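Let me begin by presenting the structure, written as structure tokens, before commenting on it.
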Amino acid sequence: MRFVGYLAMGVAAALAAGQAGAGTLDDVKKRGSLLCGVTTGLAGFAAPNDKGEWAGFDVDVCRAVAAAVFGDATKVKYVPTTAVSRFPALQSGEVDLLSRNTTWTYDRDVKLGFDFVGVSFYDGQGFMVKKGLNVKSALQLNGATVCVQTGTSTELNLADYFRANKMSYKPVIYEKADEIRVAYDQGRCDVYTTDRSGLAAQRTQMSKPDDHVVLPEVISKEPLGPLVRHGDNQWGDVVRWAFNAMIIAEEKGITAANVDQVKASSQDPEVRRLLGVEGDFGTRLSLENDWPYKVIKQVGNIGESYERHIGPKTPIGLDRGVNNLWSSGGLVYSPPYR
Amino acid sequence: MAVRGIEARGGRRNGLAFLYDARVRAICYQVLTVLLFLLAVGYLAHNTLQNLATRGIASGFKFLYQPTGFGLAMSLLPYDELSSYGRSYLVGVLNTLLVASLGVVLATLLGFLVGIARLSNNWLLSRLAGMYVELVRNVPLLLQILLLYFGVLQTLPSLRESLSIGGVVFLNIRGVFAPAPILQSGFAAIPIAFAVAVAASFWIWRWARRRQRETGQPFQTGWAAAALLLGLPAVAALLTGMPVSFEYPVLQGFNFQGGFVIIPEFVALLAALVLYTAAFIGEVVRAGILAVSHGQTEAARSLGLGDGQTLRLVVIPQALRVIVPPLTSQYLNLTKNSSLAAAVGFPDVVQIFSGTVLNQTGQAIECVAMVMLVYFTISLSISFFMNWYNRRIALVER
């Protein structure tokens, strides 16, 4: 099956005569829907909910872009991609953007022909083991069998970490996160390694979540964020600012619930520009002047999205930590809307 | 000839008359087709390269010399994270070849047994073989691999509750751990003895055949060969004082250390491929045997040949002519189906190269082309060999 995909991609690359780098925004508008690449299912980040609709923190970025382009957050076609199929899918134009816990690395930015437009979640790679093994630190893992997903940066960090600490390991490599979870749960490997957010999400799906513990070591920086094809700067700007609008909204205390009231009463110039009350900032992106208003109204600000899908009150239960706003001691920061 | 002569003369009178020559026209069409084809290929290649360049995607094969940075679950070559992408390719190719070659041999053996069993006069045996064929060949292979892996092998006991056979072989969810033989000096005598036994058996077989042809006296070649093949190496081993020691697997820390391990991903893939393909081969064999007319069997019986001899000397040699061509297809299928390895995480060439490596380097076209080349080469080799074999056993008609 995958071969067919690649073949199609090869043919597409061969036939698309010089269309690269021109007009993803126009294509999306013409098509009437956004093609958004997401995971094949990771609780809290992107997974179908009980109504069969895709929902999650990563999915909200897709919805924000759709709200900005169409004024309607539901005009998204979700394309589930595996760690392996995600990059060819974006390169070939099968999706308009990827929003699926993908780490921003030098190689992907430079060599694969992508542009990362921002960081939606600051993560780091960790290890999960069964409590029964009595392991307290990742440095005790010498000789362990490790389950890892193929085609990920975690696969490489894992090798680096064990080599740097002069330890050996046996990798068991699967393509889908679900397969890893089942194999780890059944005992095929001692350790499950991926981003700590992913471990938290997967732990909730284990047969006995309390039997597993995430070790304290964070062995890598994993800035996860949405990405687009390199070379189409207009489209890159649309995705970047649709996402930034969610951050600015939280900075300014605007939520989905109070956005109408703020729009009517606010005297803050940046808020007035953002919500399309003043100036023509919105139209400079070839979008409706009040597109950020629609994003906030339909998707909410970044904090709301976090709390709704992966925050401490959800089963995933991730503290906001470094993913808080810069003004609250975190790393989340947007350039100003001016 | 006469017609062409007239046309040729006409050609001299009229400069365009050669266009009406059927041969010239045919050649023109062929040249035109080739030119168009080359143009199309050139256009596609040029466009691909240009699009790759405008999108800033790297191309070329230089990446093969870069270190991979990832580990592999199973490798027949020395391999670690510092090995190059090129080496990971070789590891993948060897793993694919291992599964495919073992699969072909085992599926052939099982397939012949099933095919013969299905024709057996024993009611129970033939029905069992029939059930097996219908059950296995009507369920998609991928499902069977997943069932064997997640449903059977992943329900084996955990590491600490390993099933143990005599305290030396251990079976658990992580595979089979067995003692690994360590060869010591003087070991070379044993393979040499074995080679001598093979040569001697071959000589005996030829001698016995000639004697039977000349005098009619049969000779128990099989027993003599078996005695030689087992006996000579055993004698060599005793004379050199058993130059093999074993390294036993020991549960230490997280895993069994030392010894020899067969990972469950390999077992699941191989078993599923063998079971699936054997069902098809069984049918091919049955068809082949049924294609030999019953008169042949009756003739053999009336000459006094037993059941086994009839099958071995009369039926199967004729059935092979029908069996070999479709058997080749089954071998090709098995080889190509081994690419389903990715489903259970067995590191074959597809999983390593069009999975991990493609993803790390982003060079989809190069990676997929290299993987296609592997299957292309293996398939053509199998088909070449089987065609040669088919010609050899074909009926020679005068």
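Looking only at residues in the stretch A:23-53 that are in contact (Cβ under 8 Å) with a residue 40 or more places away in the chain and assigned to a strand (DSSP E or B), the one that is nearest to residue A:100 (Cα to Cα) is A:38. Residue B:313 meets the conditions (1) under 30 Å from residue B:384 (Cβ atoms); (2) exposed (fewer than 14 other Cβ atoms within 10 Å of the Cβ); (3) modelled with pLDDT of 90 or more in every case but one. The failed one is (3). Within the option set B:202, B:187, B:219, B:254, being within 14 Å of another protein chain (Cβ to nearest Cβ) and either buried (at least 16 other Cβ atoms within 10 Å of the Cβ) or of a type in the set (Phe, Trp, Tyr) (or both) holds for one residue only, B:254. Within the stretch B:15-67, the set of residues being of a type in the set (Lys, Arg) and at pLDDT below 85 comprises B:55 only. Of all the residues in the stretch A:62-93, those that are away from chain B (no Cβ under 14 Å) and either touching a Leu at 6+ places or on another chain (Cβ under 8 Å) or aromatic (Phe, Trp, Tyr) (or both) number 11.
The number of residues in the stretch B:26-46 being over 20 Å from residue B:365 (Cβ atoms) and within 14 Å of chain A (Cβ to nearest Cβ) comes to 1.
For every residue, the table says whether it meets (1) within 20 Å of the chain's Cα centre (by Cα); (2) at pLDDT 90 or above; (3) surrounded by 13 or more Cβ atoms within 10 Å (Cβ to Cβ); (4) outside the structural domain of residue B:285 (by TED's automatic domain parsing).
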{"site": "B:69", "(1), (2), (3), (4)": "no, no, yes, yes"}
{"site": "B:95", "(1), (2), (3), (4)": "yes, yes, yes, no"}
{"site": "B:132", "(1), (2), (3), (4)": "no, yes, yes, yes"}
{"site": "B:137", "(1), (2), (3), (4)": "yes, yes, yes, yes"}
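Looking across the stretch B:342-365 at every residue that is within 21 Å of residue A:170 (Cα to Cα) and part of a loop (DSSP other than H, G, I, E, B), the one that is farthest from the other protein chains (Cβ to nearest Cβ) is identified as B:348.
Evaluating residue B:242 against the criteria (1) out of contact with any strand residue (DSSP E or B) (no Cβ under 6 Å at 6 or more places or on another chain); (2) within 14 Å of chain A (Cβ to nearest Cβ) leaves one unmet condition, (2). With respect to the conditions (1) over 27 Å from the mean Cα position of the chain (by Cα); (2) under 23 Å from residue A:98 (Cα atoms), residue A:276 lacks only one, and its number is (2). Examine the stretch B:355-370 for a residue that is touching a helix residue (DSSP H, G or I) at 6+ places or on another chain (Cβ under 7 Å), under 16 Å from residue B:335 (Cβ atoms) and surrounded by 15 or more Cβ atoms within 10 Å (Cβ to Cβ), and state whether such a residue exists. Checking the stretch B:355-370: not a single residue is touching a helix residue (DSSP H, G or I) at 6+ places or on another chain (Cβ under 7 Å), under 16 Å from residue B:335 (Cβ atoms) and surrounded by 15 or more Cβ atoms within 10 Å (Cβ to Cβ).
Here the stretch A:24-54 is the region considered, the condition is being among the acidic types (Asp, Glu) and surrounded by fewer than 12 Cβ atoms within 10 Å (Cβ to Cβ), and the residue that is modelled with the lowest pLDDT is A:50.
Taken together, the residues in the stretch B:256-303 that are touching a helix residue (DSSP H, G or I) at 6+ places or on another chain (Cβ under 7 Å) and more than 30 Å from residue B:135 (Cβ to Cβ) amount to 3. Do the conditions hold for residue B:154, that is, is it part of a helix (DSSP H, G or I), within 14 Å of chain A (Cβ to nearest Cβ) and surrounded by 13 or more Cβ atoms within 10 Å (Cβ to Cβ)? Taking the combined requirement at face value, the residue satisfies it.
Rundown of residues vs (1) without any contact (Cβ under 8 Å) to a residue 40 or more places away in the chain; (2) acidic (Asp, Glu); (3) surrounded by 18 or more Cβ atoms within 10 Å (Cβ to Cβ); (4) under 21 Å from residue A:325 (Cα atoms), yes/no style:
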{"site": "A:215", "(1), (2), (3), (4)": "no, no, yes, no"}
{"site": "A:238", "(1), (2), (3), (4)": "no, no, yes, no"}
{"site": "A:248", "(1), (2), (3), (4)": "no, no, yes, yes"}
{"site": "A:256", "(1), (2), (3), (4)": "no, no, no, yes"}
{"site": "A:263", "(1), (2), (3), (4)": "yes, no, yes, no"}
{"site": "A:277", "(1), (2), (3), (4)": "yes, no, no, no"}
{"site": "A:293", "(1), (2), (3), (4)": "yes, no, yes, yes"}
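Of the helices (runs of 4 or more DSSP H) lying entirely inside the stretch A:262-338, those containing at least 3 residues that are within 17 Å of residue A:57 (Cβ to Cβ) are A:291-299, A:302-309. So which residues in the stretch B:344-385 are of a type in the set (D, E, K, R) and within 18 Å of the chain's Cα centre (by Cα), if there are any at all? Across the stretch B:344-385, the qualifying residue is only B:348.
If the condition is being surrounded by 15 or more Cβ atoms within 10 Å (Cβ to Cβ) and either of a type in the set (Lys, Arg) or in a helix (DSSP H, G or I) (or both), then the stretch B:222-241 contributes B:224, B:225, B:228, B:229, B:232, B:233, B:236, B:237. Is it the case, given these coordinates, that residue B:339 is part of a helix (DSSP H, G or I) and within 14 Å of chain A (Cβ to nearest Cβ)? Against the criterion (part of a helix (DSSP H, G or I) and within 14 Å of chain A (Cβ to nearest Cβ)), residue B:339 qualifies.
Only one of the numbered conditions (1) crowded, with 24+ Cβ neighbours inside 10 Å; (2) within 30 Å of residue B:151 (Cα to Cα); (3) within 14 Å of another protein chain (Cβ to nearest Cβ) is not met by residue A:229, and that is (2).
The values are calculated or read from the model by the stated rules, or taken from the named source; none is laboratory data. Computed from a prediction, not measured in an experiment: that's the story for all the values here. Cβ atoms come from the backbone with ideal geometry, glycine included; neighbour counts cover every protein chain shown.
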